[in-house]
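A short worksheet on the structure shown next.
The values are calculated or read from the model by the stated rules, or taken from the named source; none is laboratory data. For clarity, every value in this text was computed on a predicted model and none was experimentally measured. Here the Cβ positions follow ideal geometry from the backbone for every residue, glycine too, while neighbour counts run over all protein chains shown.
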Amino acid sequence: MHQERLKIQNLRQLRQFVAHTLCQQNNFEEGVFQVTEKVLKKCGRVCGIFFCLHGPRSVKLTAVWETESNSILFYGSSGERFKKTVLSGAPQLSST
């Protein structure tokens, strides 16, 4: 599994990075497939964001940004984790 460090300053950059990484991993053209997201909560507090890229032939690729560890975990279509990115700055969740 590949791991890297990255500085992300806002939610727009986070969304772009997640979509780019998921598309790149699967050789999908960026901007063609829908990416949905859902705010994750634990005991009423926001603890992350779940991203899902809806690709061709019902392929779903996912990523989870965990606020506690401030990292993004990327998963392939069969559920295997293929990359972890640790963020050096945390985007604000107020714009979700």
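Quick look at the numbers
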{"quantity": "One residue from Phe74, Phe50, Phe17, Phe28 being in a strand (DSSP E or B) and either surrounded by 14 or more Cβ atoms within 10 Å (Cβ to Cβ) or at positive phi (or both)", "calculated": "Phe74"}
{"quantity": "Residue ID - surrounded by the fewest Cβ atoms within 10 Å (Cβ to Cβ), chosen from residues in segment 55-70 that are under 13 Å from the mean Cα position of the chain (by Cα) and closer than 25 Å to Gly31 by Cβ", "calculated": "Lys60"}
{"quantity": "Any hit, segment 5-14, residues being modelled with pLDDT under 90, assigned to a strand (DSSP E or B) and surrounded by 12 or more Cβ atoms within 10 Å (Cβ to Cβ)", "calculated": "yes"}
{"quantity": "Residue tally, condition surrounded by 12 or more Cβ atoms within 10 Å (Cβ to Cβ) and either at pLDDT below 90 or touching an Asp or Glu at 6+ places or on another chain (Cβ under 6 Å) (or both), over segment 77-88", "calculated": "1"}
{"quantity": "Flag if Thr36 is out of contact with any Gly (no Cβ under 6 Å at 6 or more places or on another chain), at pLDDT 95 or above and of a type in the set (Val, Ile, Thr)", "calculated": "yes"}
{"quantity": "Neighbours by Cβ (under 7 Å, 6+ apart or cross-chain): first from segment 70-96, within 10 Å of Leu6 (Cβ to Cβ); second assigned to a loop (DSSP other than H, G, I, E, B) and modelled with pLDDT under 95", "calculated": "Val86/Asn70; Leu87/Ile8; Leu87/Asn70; Gly89/Ile8; Gly89/Gln9"}
{"quantity": "Of all residues making up segment 11-65, the number that are in contact (Cβ under 8 Å) with a residue 12 or more places away in the chain and touching a helix residue (DSSP H, G or I) at 6+ places or on another chain (Cβ under 7 Å)", "calculated": "8"}
